[in-house]
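Every read-out reported here was derived from the displayed coordinates using simple, explicitly stated rules and does not represent laboratory data. Owing to the predicted nature of the structure, the values given are computational and were not obtained by experimental measurement. Neighbour counts are summed over all protein chains in view; Cβ atoms, including those assigned to glycine, are modelled from backbone coordinates with ideal geometry.
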Amino acid sequence: MTWAAFSFWFMLIHTAAYMLAGALALATFSKDVYEGRGRILDYQRDTSVEEERAHISRWLFPAQFLRGLLMSVVLYPVLAGLGELSFLSRFGFFAGLAFVFTHIACASPCSDNIEGAVYMKPGYFDRTAFWKFQLEMMIYSVLLAAAAAQFLF
C-alpha cells in the first residue's frame, strides 16, 4: 500500500471510530458532559445550543480528517514493520497508540488525562468526566485498532 493510500484509509478509519465512539458515548453515558447548562465541562461548546452545535458540525469532519492525516504521517517510518506483525500485535500497537499517546498520556492538560489531573484546578478537573472519557476513549481505541490492524495490512 502506498503512503497516500495508507493515509487516506487511516483518516477514514480514525474518523469513523471517533464518530462511532462519540455517538455511543453521547447516547448512553456522556450527555451530561456535552449538553445543557449543568454539563460537567462547561468550558466546552454546548451541543444543545444551536449556534454552538452548528460550529461543531461545521468543523468536526475537517478536524478529524486532519487529525487522521497527521497521525498517519507519523506512522510512515514503521509501516513496513507493522505489516510483518500478527493481527494481535498490530491491534495492541494501534490500541496503545490511540489510548496512551493521543489520550491519557497527552501533554496538553485536559480533564481526561494525567496532565489535567496535575495542572487543572479542581473545578475544571472533574472525576466523573475523567472516567466517562476513559470509557469513550477505550471504545475509540478498540474500534480504531481493530479496523486499522485488519484493513491496513
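Tell me which trypsin sites (Lys or Arg not before Pro) from segment 21-84 have a DSSP coil assignment and no more than 12 other beta carbons within 10 Å of their own. List each step's numbers first, then the result.
Values: sites: 31, 37, 39, 45, 53, 58, 67; in loops: 37, 39, 45.
Loop-located and lightly packed - 37.
Using packing as a proxy for protection, rank 4-14, 136-146 so that the peptide with the highest average count of other Cβ atoms within 10 Å comes first.
Values: 4-14: 17.5, 136-146: 20.6.
Going from most to least packed, we get 136-146, 4-14.
Against the longest principal axis of the chain, how steep is helix 87-96, in degrees 0 to 90 to the nearest 10, with axes from Cα atoms?
It is inclined by approximately 30 degrees.
For the chain, what is the mean residue ellipticity at 222 nm derived from helices alone (per DSSP H run of n ≥ 4: -39500 (n - 2.57); sum divided by total residues; nearest 500 deg cm²/dmol)? Could the numbers behind the result be given before it?
On the way: 7 runs with 102 residues, N = 153.
The helix-only estimate for the chain comes to -21500 deg cm²/dmol at 222 nm.
Once the piece of chain linking residue 124 and residue 88 is laid out straight, how much longer is it, given 0.36 nm per residue of separation minus the C-alpha distance between them? Don't skip to the answer; put the middle values down first.
Values: separation 36, 0.36 × 36 = 12.96 nm, distance 3.74 nm.
Working it through step by step, the gained length comes to 9.2 nm.
Please find the FRET efficiency linking residue 8 to residue 48, where r is the Cβ-Cβ separation and R0 is fixed at 35 Å, and quote it to the nearest 0.05.
On the way: r = 34 Å, r/R0 = 0.98.
E(calc), rounded to 0.05, equals 0.55.
Could you give each residue of segment 107-113 its phi-based ³J(HN,Hα) in whole Hz, using Karplus coefficients 6.51, -1.76, 1.60 with θ = phi - 60°, and x for Gly or Pro?
Karplus-based 3J(HN,Hα) across segment 107-113 equals 7, 8, x, 9, 6, 10, 9 Hz.
Given points 7 Å out from each Cα along the Cα-Cβ axis, report the residue 76 to residue 139 separation in nanometres with one decimal.
3.4
Give me the percent relative contact order of segment 3-151, please, defined on Cα pairs under 8 angstrom at least 6 residues apart. Each step should come with its number before you reach the end.
Details: 153 pairs, mean separation 44.3, N = 149.
So the answer I get is 30 percent.
Using the alpha carbons of segment 110-150, what is the convex hull volume per residue in cubic angstrom, as a whole number?
On the way: hull volume 2.2 nm³, N = 41.
Given the Cα convex hull of segment 110-150, per-residue volume reads 53 Å³.
What size of dipole, in debye to the nearest 20, comes out for segment 3-151 about its Cα centre when the only charges are +1 on Lys and Arg C-beta atoms and -1 on Asp and Glu C-beta atoms? It would help to have the intermediate numbers written out before the result.
Details: 11 positive and 12 negative charges, 18 e Å.
Value, rounded to 20: 80 debye.
List the chymotrypsin sites (Phe, Trp or Tyr not before Pro) in segment 18-78 that DSSP assigns to loop (not H, G, I, E or B) and whose Cβ has at most 13 other Cβ atoms within 10 Å. Which are they? Before the final figure, lay out the partial values.
Details: sites: 18, 29, 34, 43, 59, 65; in loops: 29, 43.
For chymotrypsin sites (Phe, Trp or Tyr not before Pro) across segment 18-78 that sit outside H, G, I, E and B with at most 13 neighbouring Cβ atoms in 10 Å, the list reads 29, 43.
Mind listing the Cα extents of segment 43-153 along all three principal axes, in Å, largest one first?
Sorted from largest, the Cα extents of segment 43-153 read 46, 32, 21 Å.
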